[in-house]
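K.L.:
Here it is: the structure, laid out below.
The values are calculated or read from the model by the stated rules, or taken from the named source; none is laboratory data. All values reported here derive from a predicted model rather than from experimental measurement. Because the Cβ atoms are built from the backbone with ideal geometry, glycine has one as well, and the counts that use them run over all protein chains shown. Quick note on the areas: whole protein, heavy atoms, side chains included, nothing else; ligands and nucleic acids left out. Shrake-Rupley method; radii C 1.70, N 1.55, O 1.52, S 1.80 Å.
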There are 2 protein chains.
Amino acid sequence: MTAQKKSPTIYDVAKKSGVSISTISRVLNDPDKVNPETHKRVMDAIDQLGFIPRADARARALQNTDRIGVLTPFFTAPSFVQRLRGVASALSKANYELVIYPVDSMDHLQGYISSIPLMRNIDGLIIMSLSMGDQDALRLSKSGMETVLIEYSHPQLNSILIDDMNGGRLVAEHLIKKGYRSFAFLGDIEPPERFAIHPIKSRLTGYKQALQDAGFSLAKTYIRSAPYTAMETRQAARELIGLSKPPAAIFAASDMQAMSVMKVAREMGKRIPDDLALVGFDDIDVAEHVDLTTIRQHLDESGRLAAEILLSRIGESERPLQHINLPLKLIERLTT
Amino acid sequence: MTAQKKSPTIYDVAKKSGVSISTISRVLNDPDKVNPETHKRVMDAIDQLGFIPRADARARALQNTDRIGVLTPFFTAPSFVQRLRGVASALSKANYELVIYPVDSMDHLQGYISSIPLMRNIDGLIIMSLSMGDQDALRLSKSGMETVLIEYSHPQLNSILIDDMNGGRLVAEHLIKKGYRSFAFLGDIEPPERFAIHPIKSRLTGYKQALQDAGFSLAKTYIRSAPYTAMETRQAARELIGLSKPPAAIFAASDMQAMSVMKVAREMGKRIPDDLALVGFDDIDVAEHVDLTTIRQHLDESGRLAAEILLSRIGESERPLQHINLPLKLIERLTT
DNA sequence: GTCATTGTTGAAAGTGCTTTCAGTTTAGCA
DNA sequence: TGCTAAACTGAAAGCACTTTCAACAATGAC
């Protein structure tokens, strides 16, 4: 059987080097305050024993954990992954660990929000694309847990938002400028998941308004609500493209859904952009691979920013709250 | 200023309900052993105070943490994300937290491997696509930290492998069966990252062997080594497709690289699969969106499996090690 | 030679919970 | 009514550290 010997504690080191545990702790955390000779003796003992302080004990005494949590739905969807990438890159520089709490349901979210701040096993919290009641927000704020919201805002908490409505406008303006004259929308307008926030409606609103402002209209038949799943998006796309008078351009509310439209168009023998123009939203990595025109919402950046805000506030919590609005940008590729 | 009142401890509850802290603890952990009346009184106090036991203190006393760590390179690359998805789904059922340690360098990896088992702030460890020396593996094994390796194996640790060589064979056999007669390979054969493992060579070997077995050959000019980045992959693809005698079929060693090839083919006016057949590897989510023929390596499943093995071994560590070989399957879509 | 100062160290308290052990109360039975 | 067993509860130890506080020694100033 393998040894399974438990790792040495600070007491073992103390015994071995003939000093008290306080001194060991000091060697580790405040080396200047200890005599060079003692220091060396302790270090030798540490090396010989292969001692490493236990993170949890340390965290307990220190009252901080060097760990930050991310509360997120759909954490493997590309757009969320890209935000996580931003978060991770900021955190790993600062030597923080990343704990992910996947949220699958309303209960889940409630459970996390009510227990996380009090369990105190993280130093800060990033909440992505999740809505919450006033009460929850207040609880978080009062609990002293540093929190940054992404894609949602509350006066008591830091937040990073994007202007979805404007994103819709940008799409409309671009399509008009490119000469298209009939427009459709396809997106997850009324999603079943009540726990996640859904900016899709705003994108549609901005799109519709901008079209109207320019004298165009968005017919009811050209607005298709389809859940995020590939299957259902494709069905909606098929219907849209199969209309006797199909639209000249489709705005898909997310890049993944735009890719479903591309697939359907291919199946139905429609060329993009000649027979059908297509714009997505998000600018996830693959968008560039498939040459999809889309709205870039700086996903990486939003994650990085959230992490940086958090880190800057941890340990210096009296700084004013930040409410950031990230700009959107239309990236023109080959589908329009 | 917001209250910042610290959360109530078990002591507060004890005082409020007029019993000792032991009883509170018992109410929480072993309710049967406490008088119903006392139980109710304690619960009332808990509710009134909004008490929640602090996870770290609990973990400390309990000597376990309900947290598992994943050591992974490129954690936002699609194939890794999909494995993480599998891990997360298995863990959330069991109420475990997921801690991600992104590995960016050899040093990083070394640091993690030597400190993680001793810090003991996780209960188990999944290591993805990272190679390690015998010494590290032994250290992990001896430390008693339950560990599962994915895409790498060591006799002392659990492992989940895929048969890359066979994957290469499957591709060759498929292409031959479909009637293609000249073959190329494009992949990250000699990657600069020494810390991550690289199964690409095996895929190439299997591919080459199967071709030779069938009486075909894989010319040197048809083998292109390109780093994983989109830019460089595209350059390699351009060269390959631009040859005076371009190959009829390309095997790209990963789906992402295959997508780069698709983009280049589109740019160069080549139709897939008529002018050029293409096979990827991994079967990431988007592969289906772009109708890419590929080798499915059950990414989700490998992650889920790893997590399940871990959970089953935690607390029951005398179970025999598991070495699992996941089967591969060719998924035919529209690029061949 | 005495006193103050500085540098270095150890004892002990604190962190918030679980769990063992022993003591007290209650119930059951003769 | 008295005794025993069962049920319940509290004190205290343990977990592995950090940190405060006080003690001690050494050094230098007067």
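K.L.:
Based on alpha-carbon centroids, what's the gap between the stretch B:23-98 and the stretch B:235-300 in Å, whole number please?
P.N.:
The distance from the Cα centre of the stretch B:23-98 to that of the stretch B:235-300 comes to 45 Å.
K.L.:
Rg and Dmax of the stretch B:10-53, using alpha carbons, in Å: what are they?
P.N.:
Looking at the stretch B:10-53, its Cα Rg and Dmax stand at 8.9, 23 Å.
K.L.:
Oh, and also: In terms of modelled amide H atoms, which long-range or inter-chain residues lie less than 5 Å from the amide H of residue B:148?
P.N.:
Residues meeting the amide H criterion: B:125, B:126, B:127.
K.L.:
Kindly express, to the nearest 10 degrees and within the range 0 to 90, the angle between helix A:134-143's C-alpha long axis and the longest C-alpha principal axis of chain A.
P.N.:
Around 20 degrees separate the two axes.
K.L.:
Moving to a separate point now. What is the percent carbon and sulfur in the accessible area of the protein assembly as shown, measuring with a 1.4 Å probe over the protein chains and ignoring ligands?
P.N.:
Numbers: 14900 of 29530 Å².
Accessible surface attributable to carbon and sulfur in the protein assembly as shown totals 50 percent.
K.L.:
Another one. Only protein chains counted, 1.4 angstrom probe. Which residues of the stretch A:110-132 are at least 20 Å² less accessible in the assembly than when their chain is isolated?
P.N.:
Correct list: A:118, A:119, A:120, A:121.
K.L.:
I want to check the label-to-label distance for residue B:266 and residue A:182. Put each point 7 Å from Cα in the C-beta direction and report it in nm to one decimal.
P.N.:
2.5
K.L.:
How large is ³J(HN,Hα) for each residue in the stretch A:299-311, as worked out from phi by the Karplus curve 6.51 cos²θ - 1.76 cosθ + 1.60 (θ = phi - 60°), to whole Hz, x for Gly and Pro?
P.N.:
Result, rounded to whole Hz: 4, 3, 4, 5, x, 4, 4, 4, 5, 5, 4, 4, 4.
K.L.:
Which value at 222 nm does the protein assembly as shown reach when only helices count, each DSSP H run of 4 or more adding -39,500 (n - 2.57), with the total divided by all residues and rounded to the nearest 500 deg cm²/dmol? Walk me through the numbers before you get to the answer.
P.N.:
Numbers: 26 runs with 306 residues, N = 672.
That calculation yields -14000 deg cm²/dmol at 222 nm.
K.L.:
Related question: At a 10 angstrom cut-off on C-beta neighbours, averaged per residue, how do the peptides B:248-259, B:279-290, A:322-333, A:127-138 rank from highest to lowest? Don't skip to the end; give the middle numbers.
P.N.:
Details: B:248-259: 27.2, B:279-290: 24.2, A:322-333: 15.2, A:127-138: 18.8.
Per-residue Cβ counts within 10 Å, averaged per peptide and sorted highest first, yield B:248-259, B:279-290, A:127-138, A:322-333.
K.L.:
Something else: How large is the convex hull of the Cα atoms of the protein assembly as shown per residue, expressed in Å³ as a whole number?
P.N.:
Details: hull volume 125.4 nm³, N = 672.
Convex hull of Cα atoms, per residue: 187 Å³.
K.L.:
For the pairing of chain A with chain B, what total accessible surface becomes buried, with a 1.4 angstrom probe, in square angstrom to the nearest 100? Intermediate values should be presented prior to the final figure.
P.N.:
Values: alone 17180 and 17210 Å², together 29530 Å².
Interface between A and B: roughly 4900 Å².
K.L.:
By how many degrees, 0 to 90 and rounded to 10, does the Cα axis of helix B:36-49 deviate from the longest principal axis of chain B?
P.N.:
Value to nearest ten degrees: 70.
K.L.:
Given A:178/A:329; A:16/A:40; A:177/B:270; A:263/B:263, which pairs have Cα atoms separated by over 19 Å? Don't jump to the answer; show the numbers that get you there.
P.N.:
Values: A:178/A:329 16 Å; A:16/A:40 13 Å; A:177/B:270 30 Å; A:263/B:263 15 Å.
Flagged as over cut-off: A:177/B:270.
K.L.:
Under the rule of at least 5 residues apart or a separate chain, name every residue whose amide H is placed under 5 Å from the amide H of residue B:277.
P.N.:
When sequence neighbours closer than 5 places are left aside, the close amide H contacts are B:249, B:250.
K.L.:
Let me ask something additional. What are the nm distances, shortest first, from residue A:89 to its equivalents in the other copies, labels at 7 Å along Cα→Cβ?
P.N.:
Computed spacing set for this position: 2.9 nm.
K.L.:
If you don't mind, there's one more thing I want to ask. What whole-number value in Å² describes the accessible area per residue of the protein assembly as shown for a 1.4 Å probe? Kindly include the intermediate steps, with their values, before the conclusion.
P.N.:
On the way: 29530 Å² over 672 residues.
For the protein assembly as shown, the solvent-accessible area averages 44 Å² per residue.
K.L.:
Would you mind computing, in nm to one decimal, how far apart the modelled labels at residue B:38 and residue A:219 are, each placed 7 Å from Cα along Cα→Cβ?
P.N.:
7.5
K.L.:
Using only the alpha-carbon atoms, how far is helix A:164-177 inclined from the longest principal axis of chain A? Give it as 0 to 90 degrees, nearest 10.
P.N.:
Between the helix axis and the principal axis of chain A, the angle is about 40 degrees.
K.L.:
Given H placed on each backbone N at 1.01 Å, which residues far from residue B:330 in sequence or on other chains put an amide H within less than 5 Å of it?
P.N.:
B:296
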